[in-house]
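*Asks:* Just passing along the structure, written as structure tokens.
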Amino acid sequence: ARNHALAVRTGFDTDLLRMAAGWTGGYISTRGVAFDGGHGSHPGIVGEQKFGTRQGPGWANANGEFTDPRTEPFGPLPEDWCRWDGLYVNGSNTVLSYTVFGTKIYEQPGMLTQAGEIVFTRTFQTKNAKANLIALLAEVEGATAKLEGNTLTLTAGTNVTWVALSGEPKGVALDVVDNSRALLKI
């Protein structure tokens, strides 16, 4: 018997500060200007997507909305709202660093397996939030949502996306919008 390591990937959009997708299998296709000089094409997931968010801000604006204010669909969000600060790598661990409404956020994406299932994790560290912050965690189009305490289940047909909080400080909670969008309120 051969033992194969399972490739698990996440894609973070540094302009919109959103976790665009999580998937298993391959890496990304190498299409687009940065890879092959091609215009009009973009890299895509090679593998099976497990969760994702549509293109738009990963953190709500001051009114609690995920409205994109950019005149063109590229480039960063306004710096007084969100700012990408970079990343840190330590062995196989990566920590994303960004600022939302003056609050420094460190986020470490990860994964584990539980009962044969892949579990994607997002660990956040913030200090003294300067405003109420709302992050978009995942979206499932056409879902039915069930929120019970620190657990949210989004079900669409046979697709079940489960979101849970663990070890959260007082005042941090899950929420759901439009029966399809999982939110983290800090």
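The values are calculated or read from the model by the stated rules, or taken from the named source; none is laboratory data. Keep in mind that this is a model prediction, so the values were computed, not measured. Cβ atoms come from the backbone with ideal geometry, glycine included; neighbour counts cover every protein chain shown. All accessible areas refer to the heavy atoms of the entire protein, side chains included, with ligands and DNA or RNA removed. Shrake-Rupley method; radii C 1.70, N 1.55, O 1.52, S 1.80 Å.
*Asks:* Restricting the search to segment 134-186, which residues are surrounded by fewer than 19 Cβ atoms within 10 Å (Cβ to Cβ) and of a type in the set (S, T, N, Q)?
*Replies:* Residues satisfying the conditions are 144, 150, 151, 153, 155, 158, 159, 166, 179, 180.
*Asks:* Right, residue 147: within 21 Å of residue 185 (Cα to Cα) and in contact (Cβ under 8 Å) with a residue 60 or more places away in the chain or not?
*Replies:* Spelling it out, it is not the case that residue 147 is within 21 Å of residue 185 (Cα to Cα) and in contact (Cβ under 8 Å) with a residue 60 or more places away in the chain.
*Asks:* In contact (Cβ under 8 Å) with a residue 60 or more places away in the chain and more than 16 Å from the chain's Cα centre (by Cα): which single residue out of 135, 131 fits that description?
*Replies:* None of the other options fit; the residue is 131.
*Asks:* Do we find that residue 108 is within 21 Å of residue 138 (Cα to Cα), in contact with a Ser or Thr (Cβ under 7 Å, 6 or more places away or on another chain) and either open to solvent by less than 40 Å² (accessible area, probe 1.4 Å) or of a type outside the set (D, E, K, R) (or both) in this structure?
*Replies:* Considered against the rule, which asks whether it is within 21 Å of residue 138 (Cα to Cα), in contact with a Ser or Thr (Cβ under 7 Å, 6 or more places away or on another chain) and either open to solvent by less than 40 Å² (accessible area, probe 1.4 Å) or of a type outside the set (D, E, K, R) (or both), residue 108 comes out as yes.
*Asks:* Out of the residues in segment 116-128 meeting the condition of being of a type in the set (Val, Ile, Thr) and over 20 Å from residue 81 (Cβ atoms), tell me which one is farthest from the chain's Cα centre (by Cα).
*Replies:* The extreme case among them is 118.
*Asks:* Could you say which residue among 113, 99, 155, 151 is within 16 Å of the chain's Cα centre (by Cα) and closer than 22 Å to residue 10 by Cα?
*Replies:* From the options 113, 99, 155, 151, the qualifying one is 99.
*Asks:* Separate question: List, please: which pairs have Cβ atoms under 6 Å, are six or more places apart or on different chains, and start with a residue in segment 30-57 that is among the aromatic types (Phe, Trp, Tyr) and end with one that is modelled with pLDDT of 70 or more?
*Replies:* Filtered contacts from segment 30-57: 51/22; 51/138; 51/161.
*Asks:* Would you check which residues across segment 150-175 are closer than 21 Å to residue 49 by Cα and in a strand (DSSP E or B) and list them?
*Replies:* If the condition is that a residue be closer than 21 Å to residue 49 by Cα and in a strand (DSSP E or B), then 152, 153, 154, 155, 156, 159, 160, 161, 162, 163, 164 are the ones that fit.
*Asks:* When you scan segment 35-55, do you find a residue that is modelled with pLDDT of 95 or more and either part of a loop (DSSP other than H, G, I, E, B) or over 24 Å from residue 132 (Cα atoms) (or both), even just one?
*Replies:* Scanning segment 35-55, I find no residue that is modelled with pLDDT of 95 or more and either part of a loop (DSSP other than H, G, I, E, B) or over 24 Å from residue 132 (Cα atoms) (or both), so the answer is no.
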